[in-house]
Amino acid sequence: MSREIKAIEWDTDKIVLLDQTSLPRVERTLEIRTVEELISAIQRLAVRGAPALGVAGAFGVVIALDEAKTGRWSNDQLEAAIDSLREARPTAVNLAWGVNQVRPFISLGRDVVLQAAIKLANEDKIANFLMGNIGADWLLRELGDRPLNLLTHCNTGSLATTGSGTALGVIKELHNRQRVKEVFVDETRPLMQGSRLTAWELEIEGISYRIQPDSAAASAILSGKVDAALIGADRIARNGDSANKIGSLGVALACSIAHIPFLVVAPESTVDRSIPNGDSINIEMRPDHEITHFADKQIAPVDARTFNPAFDVTPARFVSAVITEKRAYEIAKGEIL
């Protein structure tokens with residue numbers, strides 16, 4: 001039975017996070033009262049997903065103001081703490097965007113900043129609803145009004161937002177219209193956000209799914225088992241180049257060969273119109289142990305080196321459309337964001 005999932009919310013004097021590192025085995029929450037705690041939660045992916053990080057950044061400024069008051073920080077210390085939060089994950093533009101949205105209100109007082117942060121969270125929930133409908137309409141128009149087999153990579157649902165999700169929000173809306181046959185869920189190595197998080201959400205929603213290794217995605221697509229693939233994004237350049245969880249590019253290439261839609265679903269806040277293309281996107285590198293260890297057990301030689309980028313960039317020519325809360329930008333037809 002479907003139930004509301006709250007990845008992040010404000011409670012009186014703290015941020016409450018659903019700890020995504022413990023899912024699906026254990027549902028537990030984290031209470032965040034310091035900037036250091038929030039940065040740690042962001043970097044170890046207890047909270048993740050571009051829209052949720054934007055909300056975390058906004059609420060984090062309130063946390064910084066509270067901590068500055070009790071710790072009697074100087075203005076320089078406060079600004080340094082906010083800057084550290086803003087840069088906690090460099091590829092995800094929404095984190096910095098969320099900080100930037102509320103930072104100008106600091107001079108008006110803590111309560112004004114908090115209200116601005118709450119407003120931002122509420123607007124994200126509305127944006128999720130709009131993206132779900134725009135994306136569902138686009139797919140049914142392109143593929144026909146029929147039940148679809150869909151593929152998704154990483155997690156782009158309620159756990160990544162304050163609402164129903166971005167790419168997974170489109171899938172949920174299609175399910176509400178009885179237009180989903182089955183969802184192929186890439187496990188999403190190395191931290192398994194697909195098999196741990198997306199499958200958990202689909203189970204709650206009662207949507208039929210199957211988990212597959214990332215290396216099976218191209219086979220599933222090219223063998224005709226998939227009608228369309230949907231991903232989220234952590235930063236989208238002005239031309240439509242899109243940075244998302246590592247492995248997204250391989251899915252896009254397979255969709256291009258199979259001539260099926262590849263959709264990027266993200267809020268307008270994820271579109272970075274200050275950069276012309278994906279060459280300017282700074283790709284975060286993750287630590288070796290995420291590859292050399294699994295569930296805290298070593299699975300590689302002790303001295304093994306790794307190549308562990310958190311994201312890859314899908315060139316715009318492989319993107320059928322970018323879906324935001326405003327509209328569907330048909331990148332494949334030459335539209336620029």
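Can you tell me which residues in the range 157-185 are touching a Phe, Trp or Tyr at 6+ places or on another chain (Cβ under 6 Å) and within 19 Å of residue 48 (Cβ to Cβ)?
185
Among the listed residues 89, 103, 110, 141, identify the single one that is basic (Lys, Arg) and without any contact (Cβ under 8 Å) to a residue 12 or more places away in the chain.
None of the other options fit; the residue is 141.
Name the single residue that is farthest from residue 154 (Cα to Cα) among those in the range 1-40 being acidic (Asp, Glu) and outside any loop (DSSP other than H, G, I, E, B).
Pass one, the range 1-40, residues acidic (Asp, Glu): 4, 9, 11, 13, 19, 27, 31, 36-37.
Add one more test, that the residue is outside any loop (DSSP other than H, G, I, E, B), and what stays is 9, 11, 31, 36-37.
Working: 9: 22, 11: 28, 31: 25, 36: 26, 37: 25 Å.
Restricting to residues being acidic (Asp, Glu) and outside any loop (DSSP other than H, G, I, E, B), the top hit is 11.
Given the criterion surrounded by 19 or more Cβ atoms within 10 Å (Cβ to Cβ), of a type in the set (A, V, I, L, M) and either outside the structural domain of residue 19 (by TED's automatic domain parsing) or at pLDDT 95 or above (or both), identify the matching residue among 228, 218.
The conditions single out 228.
Restricting to the range 82-99, give me the number of residues that are in a helix (DSSP H, G or I), under 21 Å from the mean Cα position of the chain (by Cα) and surrounded by fewer than 16 Cβ atoms within 10 Å (Cβ to Cβ).
Residues meeting the conditions: 1.
Just to confirm my filter: which strands (runs of 3 or more DSSP E) fall fully inside the range 131-224 and include at least 3 residues that are in contact with a Leu (Cβ under 8 Å, 6 or more places away or on another chain)?
Working: elements: 148-152, 180-186, 209-212.
In the range 131-224, the matching strands (runs of 3 or more DSSP E) lie at 148-152, 180-186.
Could you pull out the residue among 9, 27, 79, 4 that is acidic (Asp, Glu) and either at pLDDT below 95 or buried (at least 17 other Cβ atoms within 10 Å of the Cβ) (or both)?
4
Go through the range 276-307 and report how many residues are surrounded by 15 or more Cβ atoms within 10 Å (Cβ to Cβ) and within 15 Å of residue 90 (Cα to Cα).
5
Taking interchain pairs and intrachain pairs at least six residues apart, which have beta carbon atoms under 7 angstrom, with the first residue in the range 316-337 and touching a residue at least 40 places away in the same chain (Cβ under 8 Å) and the second in a helix (DSSP H, G or I) and of a type in the set (D, E, K, R)?
324/268; 325/268; 326/268
Can you find a residue in the range 41-64 that is surrounded by fewer than 15 Cβ atoms within 10 Å (Cβ to Cβ), among the small types (Gly, Ala, Ser), at pLDDT 95 or above and in a helix (DSSP H, G or I)?
no
Which of the following residues is of a type in the set (Lys, Arg), within 23 Å of residue 216 (Cβ to Cβ) and surrounded by fewer than 23 Cβ atoms within 10 Å (Cβ to Cβ): 189, 179?
Matching residue, one of 189, 179: 189.
Of the conditions (1) in a loop (DSSP other than H, G, I, E, B); (2) more than 22 Å from the chain's Cα centre (by Cα); (3) at pLDDT 95 or above, residue 303 clears all except one; give me its number.
Single failed check for residue 303: (3).
The values are calculated or read from the model by the stated rules, or taken from the named source; none is laboratory data. The structure presented is a predicted model; accordingly, all values stated were derived computationally and were not measured. Heads up, the Cβs are rebuilt from the backbone with ideal geometry, glycines too, and the neighbour counts pull from every protein chain shown.
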